[in-house]
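Encoded as structure tokens, the structure appears first; notes follow it.
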Amino acid sequence: MIRNQNLFNQGLELHGNINLYRAICLLVAVLQPSLVQIIKLTDPSMVDPWIGKYIFSVIAVILTILSYINKYMKNRMVVWVQGLLAITSLYIVYLNYLSSLAPIYCITLPIVVCCVSLLLNNINYVLIYEIIINVLAIAAAFLVKSPHTNRIYYLSFLIGISVFLYLYLRHMVKQQKKLAESQSKMKAIISAMPDMVFVLDDKGVVMECSLPKEYPTQKSMEMIGKKVYEIITEQVPANILNIIKEVLTTGKTRFLEYSHNVNGETRCFEANFAAIDNCQVVSIVRDITSHKSMEQKLKKNEAKYRSLFENMHNCFAHHRIIVNEDNKPVDYEFLEVNRAFEEYTGIKSEEIYGKKCLS
């Protein structure tokens, strides 16, 4: 299932970038022969290698055509393009090595930048490479006086800048898309939670807010930008501010229970605080009014039971039945006795607690 999901995700990624890979193939088809001719202008005595100056252009065009008519080729387009770029880059570098002008790295920039970007998938490497190449190009334009050479460097510089800007914008668009998808998923998860979620800064100002569905949407918008003491009027905000400072300082999670008047009714809340970064915390607030009400009822019922148990005139003993391996009762032990039992038998509850009756 996981493998199928990964293949599905790769398919979506390929479907979104298939036109990009076709464009790169066409770029190779156009640049490869033109770059060879430019290199020959700088060194007319250079002899073309046996592989020929049009072979990669032909391969690139064939890959582009096959991506339209063959489903397998389309699905494997990313692999073919990466291989084509890698081999083409090595080929152009080989041509540069044969040329008498060593610093023609700038000429290979469009191919190499695309290749490095796709293979390493990291724009930082491309940025470093681009800076070094452009510094060399600018320096060469001032140091070398040959018109042909300066024209080559200038053209390479412009092409390199254009390719880098394209790759950088593509990288930023992909990152923004991933961020938007992540934020959308997080909002969906938070919206499905029955709890209130607040993002607070170090001053207690609400930066973001998500309330359960029973609250009106405008209520969340009204809370954003307000301070804690503007939302909670009771003597709680000062304690919350101290907790926020402690969480930001120590990085530990803190809990707080407090009461708040909501529509004329006092309700109980439990808030958990955790640090997001150095200046913001997230607080998940849960309404525990019903839980507290249940606790109070249990305490009252327990008090009533205890009063009845202790003040009844009949002897009363609470036992636990002990069973054997066949699940048949064989004995029992005392767990609790009332005051009448102690008075009638003369045995104190602490003396009989845990004692077995038959053994």
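The values are calculated or read from the model by the stated rules, or taken from the named source; none is laboratory data. Just so we're clear, the structure is a prediction, and the values are computed from it rather than from any experiment. Note that we place each Cβ from the backbone using ideal geometry, even for glycine, and neighbour counts take in every protein chain shown.
Any residue in segment 342-352 that is over 30 Å from VAL197 (Cβ atoms), touching a strand residue (DSSP E or B) at 6+ places or on another chain (Cβ under 6 Å) and surrounded by 14 or more Cβ atoms within 10 Å (Cβ to Cβ)? Before you say what the answer is, go through the steps one by one.
Here is the first cut: in segment 342-352, the ones over 30 Å from VAL197 (Cβ atoms) are 342-352.
Now restrict to residues that are touching a strand residue (DSSP E or B) at 6+ places or on another chain (Cβ under 6 Å): 349, 352.
Next, only the ones that are surrounded by 14 or more Cβ atoms within 10 Å (Cβ to Cβ) stay: 349, 352.
Taking every residue of segment 342-352 in turn, at least one turns out to be over 30 Å from VAL197 (Cβ atoms), touching a strand residue (DSSP E or B) at 6+ places or on another chain (Cβ under 6 Å) and surrounded by 14 or more Cβ atoms within 10 Å (Cβ to Cβ).
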Revision key, fill the gap. Subset of segment 204-245, residues assigned to a helix (DSSP H, G or I), modelled with pLDDT of 80 or more and exposed (fewer than 15 other Cβ atoms within 10 Å of the Cβ), comes to ASN242, LYS245
Exercise for review: Check whether at least one residue in segment 250-271 is surrounded by fewer than 10 Cβ atoms within 10 Å (Cβ to Cβ) and of a type in the set (Phe, Trp, Tyr), and report yes or no.
Suggested key: yes
